[in-house]
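Engineer: Before I ask anything, here is the structure I am working with.
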Amino acid sequence: MPPPLFADHPADQTPERGAVEALISQARTLRGGLDAVRRESSVAGDLAADPQLRWQRALCDLAVHHLDDLGGHLDQLREGLPTGAAEPQPELPVAPPEPEAPARGALLRRVGSAEWNLLTDEVTWSDELYAMFGREPADDPLTLDELPSLVHADDQEKLAVMVTDCLVDGRPIDGEFRILRADSGIRTVHMVGEPVLDADGSTACMWAVLRDVSELRRSQTAVRETGDSLQRQRHLAQTEHRLAVELQEAVLPPWRGSLRFPEGGPVTLDLAGRYLPANTSALIGGDWYDALQLPDGRTLLSVGDLTGHGVAATSGMAMVLGALRGMAVAGHRPGQLMGFLNQLLDSATQPALGSAVCCQFDPATRALEWSQAGHPAPLLFRGGTGRALDPPEGVLLGATTGANYGQQAEQLEPGDLLVLHTDGLVPRRTHGPDSAHEGTERLLALAPRLGAARSAQESVRIVVEEFGATEREDDACVLLARVGD
């Protein structure tokens, strides 16, 4: 229902029908394109598990509500234009809307109009306004005094201020309030209007257009809530990453340069290690490397990896590494150590799987004893060539209750270089039956360069140059030990 026209409210120029038809066609084209985006977001992943996808879907829903309202307004505008003003423009092809897209009639019922005549106490409502308020057209329209009876108690004062400002001060109305329908439904209504003055400048009546914006506001709320949820998850992820890094730095060996064990012994090991972060992920894994001088003069060397990422993985790694150090100090051999670690992970409250290799070097005899649990074997470089040591029996830690772990012995010679690494050193794209073999071959191919290196630190730099720039999706550790003369 258009507002009444008075002398101080001249009619605007009527728009051409062809221009309105073109706008309708563009709106429908946008609506079809948006439907396609919504369908893609629905199949792109798990909306329940991914806050990013939920936020994107909420934005799509919000845009749909805006376009549906726009389409309804343009249809109303077209119906109010005189016929024959211009030929309708041909509609552009548009993708069919999704099944939940509201029908045209539902769109039109979102907008209604009302006029309250203060001189005659006459009230006029459009049919759409009856539907919006959940009333029958046979019912009398509500006066301004009766209108608050259907308004939410928390919004009645807001409505009273808007109406008073309009009638007394002549201000336009522009605000929202909630209405309580007879069917117990709550709807959010946006009302715009203005007073209509008589010849003396007094308020003769008030007219308003009311729009049901319930779905629109729900969509906006969904966008805000999912956006807030996404921000919270990002903040939690950043916090977890920082805690994981701090825990990892506190547990891994503090030395960054070469280290020599044992101090003052007949034969020393020149040691160097490096942690290599993943190139495609900000998550910290459970990889470790460690070197420890034992009370009896032997040296403990170990590398390993626990499944998972983040604080859970790094805290589990700290537990395993602490247990390994303590049991080694107590005098247990590598095979026994693997068995104890397997029992530890198998009985943990948060079960996890892990792989590890553990070596003990005796400087008095240059004998190396070692054991492994589902882990790449150490590589031994001697005289410009290299080979992988023959692995003893050993399954993943935490995989089998009461598993047995074998132990191997190797006699080292002066100048030998021992390389221990975790399987994350190999890029993810090559993981599979041949990935371990490929990683071993790439390391063995470095034999001439490693043989020419003058220290363990220089050797570890060679390994990092070979593997540091690869597109690893997991982090890795490498530990090198060169036998002194």
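Engineer: With the requirement that a residue be modelled with pLDDT of 70 or more and more than 26 Å from V320 (Cα to Cα), what does region 228-267 give you?
Structural biologist: D228, S229, L230, Q231, R232, Q233, R234, H235, V267, listed by residue number.
To keep it simple, each residue is scored yes or no on (1) at pLDDT 80 or above; (2) surrounded by fewer than 14 Cβ atoms within 10 Å (Cβ to Cβ); (3) of a type in the set (S, T, Y); (4) under 30 Å from M206 (Cβ atoms).
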site	(1), (2), (3), (4)
Q13	no, yes, no, yes
I24	yes, no, no, no
V43	no, yes, no, no
D46	no, yes, no, no
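Engineer: Looking only at region 158-174, count every residue that is in a helix (DSSP H, G or I) and under 42 Å from the mean Cα position of the chain (by Cα) and tell me the total.
Structural biologist: Counting residues in region 158-174 that are in a helix (DSSP H, G or I) and under 42 Å from the mean Cα position of the chain (by Cα) gives 2.
Engineer: On the given criteria, is T314 among the hydroxyl-bearing types (S, T, Y) and out of contact with any Gly (no Cβ under 9 Å at 6 or more places or on another chain)?
Structural biologist: no
Engineer: Determine, yes or no, whether G439 is farther than 22 Å from L321 by Cβ, at pLDDT below 80, in contact with a strand residue (DSSP E or B) (Cβ under 9 Å, 6 or more places away or on another chain) and outside any strand (DSSP E or B).
Structural biologist: It is true that G439 is farther than 22 Å from L321 by Cβ, at pLDDT below 80, in contact with a strand residue (DSSP E or B) (Cβ under 9 Å, 6 or more places away or on another chain) and outside any strand (DSSP E or B).
Engineer: Which numbered condition trips up L180, out of (1) surrounded by fewer than 18 Cβ atoms within 10 Å (Cβ to Cβ); (2) without any contact (Cβ under 8 Å) to a residue 24 or more places away in the chain?
Structural biologist: For L180, the failing item is (2).
Engineer: In the set V196, V168, V161, V213, which member is closer than 23 Å to R110 by Cβ and of a type in the set (V, I, T)?
Structural biologist: Sole residue among the options that is closer than 23 Å to R110 by Cβ and of a type in the set (V, I, T): V213.
Engineer: (1) within 23 Å of D423 (Cβ to Cβ); (2) out of contact with any His (no Cβ under 9 Å at 6 or more places or on another chain); (3) surrounded by fewer than 24 Cβ atoms within 10 Å (Cβ to Cβ): which one isn't true of G310, the others all being true?
Structural biologist: So the condition that G310 fails would be (2).
Engineer: Still on this model: Scan region 363-371 and tell me whether some residue there is over 14 Å from N342 (Cα atoms), touching a Phe, Trp or Tyr at 6+ places or on another chain (Cβ under 9 Å), part of a loop (DSSP other than H, G, I, E, B) and in contact (Cβ under 8 Å) with a residue 24 or more places away in the chain.
Structural biologist: Yes, because at least one residue in region 363-371 is over 14 Å from N342 (Cα atoms), touching a Phe, Trp or Tyr at 6+ places or on another chain (Cβ under 9 Å), part of a loop (DSSP other than H, G, I, E, B) and in contact (Cβ under 8 Å) with a residue 24 or more places away in the chain.
Engineer: Would a scan of region 349-357 turn up a residue that is within 18 Å of A291 (Cβ to Cβ) and not charged (D, E, K, R)?
Structural biologist: Yes; the residues of region 349-357 include at least one that is within 18 Å of A291 (Cβ to Cβ) and not charged (D, E, K, R).
Engineer: Could you tell me whether any residue of region 380-389 is assigned to a loop (DSSP other than H, G, I, E, B), at pLDDT 95 or above and either within 17 Å of S302 (Cβ to Cβ) or touching a Cys at 6+ places or on another chain (Cβ under 9 Å) (or both)?
Structural biologist: Yes, region 380-389 has at least one match.
Results for (1) modelled with pLDDT under 95; (2) surrounded by 18 or more Cβ atoms within 10 Å (Cβ to Cβ); (3) outside the structural domain of I173 (by TED's automatic domain parsing); (4) among the charged types (D, E, K, R), shown as yes or no for each residue.
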residue	(1), (2), (3), (4)
G105	yes, no, yes, no
T120	yes, no, no, no
F133	yes, yes, no, no
D140	yes, no, no, yes
D145	yes, no, no, yes
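Engineer: Sticking with this structure for a sec: Can you name every residue in region 286-326 that is within 18 Å of L368 (Cα to Cα), out of contact with any strand residue (DSSP E or B) (no Cβ under 7 Å at 6 or more places or on another chain) and without any contact (Cβ under 8 Å) to a residue 40 or more places away in the chain?
Structural biologist: P295, D296
Engineer: Continuing with this model, one more query. From (1) within 24 Å of G468 (Cβ to Cβ); (2) of a type outside the set (F, W, Y); (3) assigned to a loop (DSSP other than H, G, I, E, B), pick out the condition that doesn't hold for G406.
Structural biologist: So the condition that G406 fails would be (1).
Engineer: Filter region 116-147 down to the residues that are among the aliphatic types (A, V, I, L, M) and under 52 Å from the mean Cα position of the chain (by Cα), then identify the one that is nearest to R187 (Cα to Cα).
Structural biologist: For region 116-147, the residue satisfying everything is M132.
Engineer: Filtering region 183-220 down to residues that are among the charged types (D, E, K, R) and either crowded, with 19+ Cβ neighbours inside 10 Å or at pLDDT 90 or above (or both), which residue is farthest from D68 (Cα to Cα)?
Structural biologist: Once the filter is applied, the top-ranked residue is R187.
Engineer: Out of all the residues in region 139-156, is one or more among the hydroxyl-bearing types (S, T, Y) and farther than 21 Å from P195 by Cβ?
Structural biologist: Yes, because at least one residue in region 139-156 is among the hydroxyl-bearing types (S, T, Y) and farther than 21 Å from P195 by Cβ.
Engineer: Additional query: How many residues are in contact (Cβ under 8 Å) with a residue 24 or more places away in the chain and among the hydrophobic types (A, V, I, L, M, F, W, C) if we restrict to region 126-149?
Structural biologist: Counting residues in region 126-149 that are in contact (Cβ under 8 Å) with a residue 24 or more places away in the chain and among the hydrophobic types (A, V, I, L, M, F, W, C) gives 4.
Engineer: Just for region 383-417: of the residues that are in contact with a strand residue (DSSP E or B) (Cβ under 8 Å, 6 or more places away or on another chain) and among the acidic types (D, E), which one is nearest to A481 (Cα to Cα)?
Structural biologist: Looking at the filtered set, the residue picked out is D416.
The values are calculated or read from the model by the stated rules, or taken from the named source; none is laboratory data. Given the structure is predicted, the values throughout are model-derived calculations rather than measurements. Here the Cβ is made from the backbone with ideal geometry for all residues, glycine too, and neighbour counts use every protein chain on show.
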